[in-house]
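Here the structure is laid out as structure tokens; the discussion comes afterwards.
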Amino acid sequence: MKQTTGEVRAINRQSARVGVYVAEEDGHTVLELGPANDVDIGDVMEWDSGAALGTQTYRNLTKGWTDEVYVAKHGVAAANLEVQLLVGS
């Protein structure tokens, strides 16, 4: 199975949402993380399906954890990322 990787480029800690830039799509995937998920700008994330929404297993290759996260959107343009991260805050 093809792995998708991306770099965390934006974080809203109040809404627990992060924007992960995926170069091959030239867009961001927006995730909602659980309280135990330690993530920082620059962390590299990896997952199995580039297009699946809802609860999915993601891996933080930088910090070494694997967990279920909620995938809200894929393909979010940089210009729209801030608005997507504010949802729920």
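Of everything listed in (1) surrounded by 16 or more Cβ atoms within 10 Å (Cβ to Cβ); (2) modelled with pLDDT of 95 or more; (3) among the aliphatic types (A, V, I, L, M), the single unmet condition for Leu33 is (2).
Hey, any hits in the stretch 16-28 for a residue that's surrounded by fewer than 17 Cβ atoms within 10 Å (Cβ to Cβ), on the phi > 0 side of the Ramachandran plot and at pLDDT below 95? Before the answer, list the steps.
Taking the stretch 16-28 and keeping what is surrounded by fewer than 17 Cβ atoms within 10 Å (Cβ to Cβ), we get 23-26.
Still in the running and on the phi > 0 side of the Ramachandran plot: 26.
Those left that are additionally at pLDDT below 95: 26.
Checking the stretch 16-28: at least one residue is surrounded by fewer than 17 Cβ atoms within 10 Å (Cβ to Cβ), on the phi > 0 side of the Ramachandran plot and at pLDDT below 95.
Under the condition of being assigned to a strand (DSSP E or B) and surrounded by fewer than 20 Cβ atoms within 10 Å (Cβ to Cβ), the residues counted in the stretch 5-15 number 6.
Residue-by-condition table, conditions (1) out of contact with any Phe, Trp or Tyr (no Cβ under 8 Å at 6 or more places or on another chain); (2) more than 16 Å from Glu7 (Cα to Cα); (3) without any contact (Cβ under 8 Å) to a residue 12 or more places away in the chain; (4) not hydrophobic (A, V, I, L, M, F, W, C):
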residue: Gly42; (1), (2), (3), (4): yes, no, no, yes
residue: Ala52; (1), (2), (3), (4): yes, yes, no, no
residue: Tyr58; (1), (2), (3), (4): no, no, no, yes
residue: Lys63; (1), (2), (3), (4): yes, no, no, yes
residue: Lys73; (1), (2), (3), (4): yes, no, no, yes
residue: Ala79; (1), (2), (3), (4): yes, yes, yes, no
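Is it true that Glu24 is within 21 Å of Lys2 (Cβ to Cβ) and in a loop (DSSP other than H, G, I, E, B)? Give the derivation first.
On the way: within 21 Å of Lys2 (Cβ to Cβ): yes; in a loop (DSSP other than H, G, I, E, B): yes.
Yes; evaluated as a whole, the condition is true for this residue.
The set of residues in the stretch 39-51 that are exposed (fewer than 15 other Cβ atoms within 10 Å of the Cβ) and either farther than 13 Å from Glu68 by Cα or hydroxyl-bearing (Ser, Thr, Tyr) (or both) comprises Asp40, Ile41, Gly42, Val44, Ser49, Ala51.
Total residues in the stretch 27-75 satisfying the condition of being assigned to a strand (DSSP E or B), under 10 Å from the mean Cα position of the chain (by Cα) and among the hydrophobic types (A, V, I, L, M, F, W, C): the figure is 8.
The values are calculated or read from the model by the stated rules, or taken from the named source; none is laboratory data. Everything quoted here is computed from the prediction, not taken from an experiment. Please note: Cβ atoms are built from the backbone with ideal geometry, for glycine as well, and neighbour counts cover all protein chains shown.
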